[in-house]
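Asks: Below you'll find the structure I mean.
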Amino acid sequence: MDKYLYLFPYEKIPFGSRILIYGAGDVGQDYLQQMLMTNYCKVMAFLDKSHDKYPPMIVPIYAPERVLELQFDYIILAFKAEQRAQDVETFLLNLGIQQSKIVFQGTRKEVNNIVISDTSSIGHNNQENLAFQTAPLSIALKYGPGLGDAIIKKRLFIEIAKMAPEAKIDIYCPNGSKYISSIYSDQPALNQVIDDGGLLYVANQKKYTLAMSIFYMIVTDHINYEKLKEFNLDFAEKMQQHIENHKNYKLNTFPMSQVWIHFSRSFYRGWNCYSLYNYTNVFNIQDQKVNIPLMPSIEENFHKMNLKYYITLNFGNGATGKGNKQGISKQWPKEYFDEFVKLFKENYPNIEILQLGDTTADHIIGVDRYILGENLELIKYILKGAIFHLDIEGGLMHLATQLGTKCIVLFGSTQPYLFAYPQNINIISEKCGGCYCLHDNHYKCARNLEKPECMYSITPKMVFEKVEKYFESIKIYR
């Protein structure tokens, strides 16, 4: 973080403008630092959904809903992904903000060389009982958002904890406390999950013995080698080896197209989304299995639902808002879900269909029960008891699979050799696919098709035929 990764959209904003920065994470903090050093614009405030999670900063931070109370000329959307920016733009437009006042740049191919002089000027940390405050050997891991990613990274977490059993580990992740604490509750090495878009991690990373950013590769942001080798010489030497081998690998998380090269190398090495972290020959991940703990106190609530024979499905991806789900290239069309449900109910009327997902999900027509935005602990029990779960590659699919439930998974842009589990029914487009991370906007069709051919070529009839074959194998008949 000693260099800017995101260049402020100077060419889109007049000099001297009053601006609001929407998003207090990595991109937003870069924008703020550039404005403080250049005095190009006056930053009036940040807007961020997690406004109450951040420590005091040199500019105020407000809930997005308060935007109409503030004075500004422009709102800068500080996000890496275009899809996220589109959701926020829709939100602001619905509040009555003029489109001409909303600016989004995203990532740029070039990286400038302006050095951040003092990250401590961002603010001070109000968190208590962080690992570096309570343990002599402390590790910070920075995650991106997403349930599925957290499940996959749990396998790496277990490996790190095994290599450094003395360590306490903090995880920094946007809204991560909602699901990581649940998924990792059986891990004694986990100290705390901090809801953070990037600011707190940057401010705290040098206080830890070791701090690493985990995406599809592992970037070491800070290491106190001398302290680390005092407690665990073998682990210290392995981390030094990782740093050197990562450097020689000559790829990084951004731009996103480098991740696609990493995926391609993984294909030839026979790695999947779990074992690709072996790329520096330091970690040794050989399986795709992680335990998902269940909370016994929730089981009674599950039984009260009086569910007998049922299937579950999920429409959407948690990264996008209501009405924008199909903007993601890997999404199966809503009309296909509607048609599948109709076909299924005509043939298996006594089997209930439950739609799971977040509160922004559009309702699939014909579903028996909509269970949206429900507590993850209850969702675990529901998924575990389902005959099968129908989904695209995503968080609930990974969760259901790890709970032992058969999944019918629809693959388009995401690479099956990385993200598919052999025990599932994986339906792969024969028309196109495998472009995930080929471009910086990894949720956009690489061919720029409004209706990605990969997902539209997987018809409801094709999916239903797979269901029938599966039901025959487990002796469920019409």
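The values are calculated or read from the model by the stated rules, or taken from the named source; none is laboratory data. All values derive from a computational prediction rather than experimental measurement. Neighbour counts are summed over all protein chains in view; Cβ atoms, including those assigned to glycine, are modelled from backbone coordinates with ideal geometry.
Asks: Could you tell me whether any residue of region 341-349 is free of Cβ contacts under 8 Å to residues at least 24 places away in the same chain and outside any helix (DSSP H, G or I)?
Replies: Residues of region 341-349 free of Cβ contacts under 8 Å to residues at least 24 places away in the same chain: 345-346, 349.
Subsequent filtering for residues that are outside any helix (DSSP H, G or I) retains 349.
Yes, region 341-349 contains at least one residue that is free of Cβ contacts under 8 Å to residues at least 24 places away in the same chain and outside any helix (DSSP H, G or I).
Asks: Can you tell me which of K304, K380 is free of Cβ contacts under 8 Å to residues at least 40 places away in the same chain and basic (K, R)?
Replies: Working: K380 fails: free of Cβ contacts under 8 Å to residues at least 40 places away in the same chain.
The unique qualifying residue is K304.
Asks: Let me confirm something: among L92, L70, which residue is over 19 Å from C173 (Cα atoms), under 24 Å from the mean Cα position of the chain (by Cα) and hydrophobic (A, V, I, L, M, F, W, C)?
Replies: It is L92.
Asks: Something else about it: Give the residue, chosen from K153, K178, that is out of contact with any helix residue (DSSP H, G or I) (no Cβ under 6 Å at 6 or more places or on another chain), surrounded by fewer than 18 Cβ atoms within 10 Å (Cβ to Cβ) and within 28 Å of P293 (Cα to Cα).
Replies: Working: K153 fails: surrounded by fewer than 18 Cβ atoms within 10 Å (Cβ to Cβ).
Step by step, each of K153, K178 is checked, and only K178 is out of contact with any helix residue (DSSP H, G or I) (no Cβ under 6 Å at 6 or more places or on another chain), surrounded by fewer than 18 Cβ atoms within 10 Å (Cβ to Cβ) and within 28 Å of P293 (Cα to Cα).
Asks: When region 422-451 is examined, which residues are found to be crowded, with 22+ Cβ neighbours inside 10 Å and either under 22 Å from E465 (Cα atoms) or among the charged types (D, E, K, R) (or both)?
Replies: Hit for region 422-451 is G433, nothing else.
Asks: Turning to a different aspect of this structure: Go through region 252-264 and count every residue that is among the hydrophobic types (A, V, I, L, M, F, W, C) and either at pLDDT 95 or above or surrounded by 20 or more Cβ atoms within 10 Å (Cβ to Cβ) (or both).
Replies: Just the residues of region 252-264 that are among the hydrophobic types (A, V, I, L, M, F, W, C), to begin with: 254, 256, 259-261, 263.
Add one more test, that the residue is either at pLDDT 95 or above or surrounded by 20 or more Cβ atoms within 10 Å (Cβ to Cβ) (or both), and what stays is 259-261, 263.
The qualifying residues number 4.
Asks: Could you grab me the full set of residues in region 129-140 that are crowded, with 23+ Cβ neighbours inside 10 Å and not small (G, A, S)?
Replies: Result: I139, single match.
Asks: Is it true that R84 is out of contact with any helix residue (DSSP H, G or I) (no Cβ under 6 Å at 6 or more places or on another chain), buried (at least 19 other Cβ atoms within 10 Å of the Cβ) and either modelled with pLDDT under 95 or not in a strand (DSSP E or B) (or both)? It would help to see each step written out before you state the result.
Replies: Numbers: out of contact with any helix residue (DSSP H, G or I) (no Cβ under 6 Å at 6 or more places or on another chain): yes; buried (at least 19 other Cβ atoms within 10 Å of the Cβ): yes; either modelled with pLDDT under 95 or not in a strand (DSSP E or B) (or both): yes.
Spelling it out, R84 is indeed out of contact with any helix residue (DSSP H, G or I) (no Cβ under 6 Å at 6 or more places or on another chain), buried (at least 19 other Cβ atoms within 10 Å of the Cβ) and either modelled with pLDDT under 95 or not in a strand (DSSP E or B) (or both).
Asks: Does region 33-52 contain at least one residue that is under 17 Å from G198 (Cα atoms), in contact with a strand residue (DSSP E or B) (Cβ under 8 Å, 6 or more places away or on another chain), at pLDDT below 90 and of a type outside the set (F, W, Y)?
Replies: Yes, the conditions are met somewhere in region 33-52.
Asks: Out of the residues in region 350-374 that are under 21 Å from the mean Cα position of the chain (by Cα) and of a type outside the set (S, T, N, Q), which is nearest to I311 (Cα to Cα)?
Replies: So, considering only residues that are under 21 Å from the mean Cα position of the chain (by Cα) and of a type outside the set (S, T, N, Q), the one nearest to I311 (Cα to Cα) is L356.
Asks: Restricted to region 162-171, and to residues that are in contact with a Leu (Cβ under 8 Å, 6 or more places away or on another chain) and over 10 Å from Y184 (Cβ atoms), which residue is surrounded by the fewest Cβ atoms within 10 Å (Cβ to Cβ)? Please lay out each step first, then the result.
Replies: Of region 162-171, the ones in contact with a Leu (Cβ under 8 Å, 6 or more places away or on another chain) are 164, 166-171.
Narrowing the set further to residues that are over 10 Å from Y184 (Cβ atoms) leaves 164, 166-168, 170.
Working: A164: 23, E166: 14, A167: 23, K168: 24, D170: 28.
Filtering region 162-171 for residues that are in contact with a Leu (Cβ under 8 Å, 6 or more places away or on another chain) and over 10 Å from Y184 (Cβ atoms), the one surrounded by the fewest Cβ atoms within 10 Å (Cβ to Cβ) comes out as E166.
Asks: For region 59-73: of the residues being of a type outside the set (A, V, I, L, M, F, W, C) and part of a helix (DSSP H, G or I), which is surrounded by the most Cβ atoms within 10 Å (Cβ to Cβ)? Outline the logic, then answer.
Replies: The initial filter retains those residues of region 59-73 that are of a type outside the set (A, V, I, L, M, F, W, C), namely 60, 62, 64-66, 69, 71, 73.
Checking the rest, the ones that are also part of a helix (DSSP H, G or I) come to 64-66, 69.
Details: P64: 18, E65: 11, R66: 11, E69: 8.
Filtering region 59-73 for residues that are of a type outside the set (A, V, I, L, M, F, W, C) and part of a helix (DSSP H, G or I), the one surrounded by the most Cβ atoms within 10 Å (Cβ to Cβ) comes out as P64.
Asks: Just give me the residues in region 195-211 being aliphatic (A, V, I, L, M) and either in a helix (DSSP H, G or I) or surrounded by fewer than 23 Cβ atoms within 10 Å (Cβ to Cβ) (or both), in sequence order. It would help to see each step written out before you state the result.
Replies: Of all residues in region 195-211, those aliphatic (A, V, I, L, M) come to 199-200, 202-203, 210-211.
L199, L200, V202, A203 - these are the residues of region 195-211 that are aliphatic (A, V, I, L, M) and either in a helix (DSSP H, G or I) or surrounded by fewer than 23 Cβ atoms within 10 Å (Cβ to Cβ) (or both).
Asks: Continuing with the same structure: Anything in region 235-251 that is buried (at least 18 other Cβ atoms within 10 Å of the Cβ) and within 17 Å of R265 (Cβ to Cβ)? List them, or say none.
Replies: Residues satisfying the conditions are H242, H246.
Asks: Can you tell me which residue among Y274, Y279 is of a type in the set (F, W, Y) and either farther than 23 Å from Q205 by Cβ or over 22 Å from the mean Cα position of the chain (by Cα) (or both)? Talk me through it step by step, then tell me what you get.
Replies: Values: Y279 fails: either farther than 23 Å from Q205 by Cβ or over 22 Å from the mean Cα position of the chain (by Cα) (or both).
Every option except Y274 fails the conditions.
Asks: What do you reckon, is F267 in contact with a helix residue (DSSP H, G or I) (Cβ under 8 Å, 6 or more places away or on another chain), in contact (Cβ under 8 Å) with a residue 60 or more places away in the chain, surrounded by fewer than 17 Cβ atoms within 10 Å (Cβ to Cβ) and assigned to a helix (DSSP H, G or I)?
Replies: Working: in contact with a helix residue (DSSP H, G or I) (Cβ under 8 Å, 6 or more places away or on another chain): yes; in contact (Cβ under 8 Å) with a residue 60 or more places away in the chain: yes; surrounded by fewer than 17 Cβ atoms within 10 Å (Cβ to Cβ): yes; assigned to a helix (DSSP H, G or I): yes.
When the stated conditions are applied, F267 passes them.
Yes or no, residue by residue, for (1) farther than 16 Å from Q29 by Cβ; (2) in the same structural domain as E393 (by TED's automatic domain parsing); (3) at pLDDT 95 or above; (4) part of a helix (DSSP H, G or I):
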site: N112; (1), (2), (3), (4): no, no, no, no
site: L141; (1), (2), (3), (4): yes, no, yes, no
site: A150; (1), (2), (3), (4): yes, no, yes, yes
site: L156; (1), (2), (3), (4): yes, no, yes, yes
site: E159; (1), (2), (3), (4): yes, no, yes, yes
site: K162; (1), (2), (3), (4): yes, no, yes, yes
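Asks: Answer yes if at least one residue in region 282-296 is of a type in the set (V, I, T) and assigned to a strand (DSSP E or B), and no otherwise. Walk me through it before giving the result.
Replies: Looking only at region 282-296, we keep the residues that are of a type in the set (V, I, T), and these are 282, 285, 290, 292.
Of the ones still in play, those that are also assigned to a strand (DSSP E or B) are none.
Taking every residue of region 282-296 in turn, none turns out to be of a type in the set (V, I, T) and assigned to a strand (DSSP E or B).
Asks: So in region 303-333, with the set limited to residues that are modelled with pLDDT of 95 or more, part of a loop (DSSP other than H, G, I, E, B) and of a type in the set (A, V, I, L, M), which one is farthest from S457 (Cα to Cα)?
Replies: By that ranking, first place goes to M305.
Asks: Would you please name the residue that is nearest to E374 (Cα to Cα), looking only at residues in region 350-361 that are part of a loop (DSSP other than H, G, I, E, B) and not charged (D, E, K, R)?
Replies: Looking only at region 350-361, we keep the residues that are part of a loop (DSSP other than H, G, I, E, B), and these are 350-351, 358-361.
From what's left, not charged (D, E, K, R): 350-351, 359-361.
On the way: N350: 24, I351: 21, T359: 8, T360: 12, A361: 12 Å.
Ranking the qualifying residues of region 350-361, first place goes to T359.
Asks: Among the residues of region 1-42 satisfying the criterion of being of a type in the set (V, I, T) and either farther than 21 Å from P174 by Cβ or not assigned by TED's automatic domain parsing to the domain that holds Q86 (or both), which is surrounded by the most Cβ atoms within 10 Å (Cβ to Cβ)? Before you say what the answer is, go through the steps one by one.
Replies: In the first step, residues of region 1-42 are kept if they are of a type in the set (V, I, T); the result is 13, 19, 21, 27, 38.
From what's left, either farther than 21 Å from P174 by Cβ or not assigned by TED's automatic domain parsing to the domain that holds Q86 (or both): 13, 19, 38.
Values: I13: 18, I19: 23, T38: 12.
Among residues in region 1-42 that are of a type in the set (V, I, T) and either farther than 21 Å from P174 by Cβ or not assigned by TED's automatic domain parsing to the domain that holds Q86 (or both), the one surrounded by the most Cβ atoms within 10 Å (Cβ to Cβ) is I19.
Asks: What helices (runs of 4 or more DSSP H) completely inside region 375-436 contain at least 3 residues that are among the hydrophobic types (A, V, I, L, M, F, W, C), modelled with pLDDT of 95 or more and over 19 Å from the mean Cα position of the chain (by Cα)? Steps first, answer last, please.
Replies: Details: elements: 376-385, 395-402, 416-419.
So the answer is 376-385.
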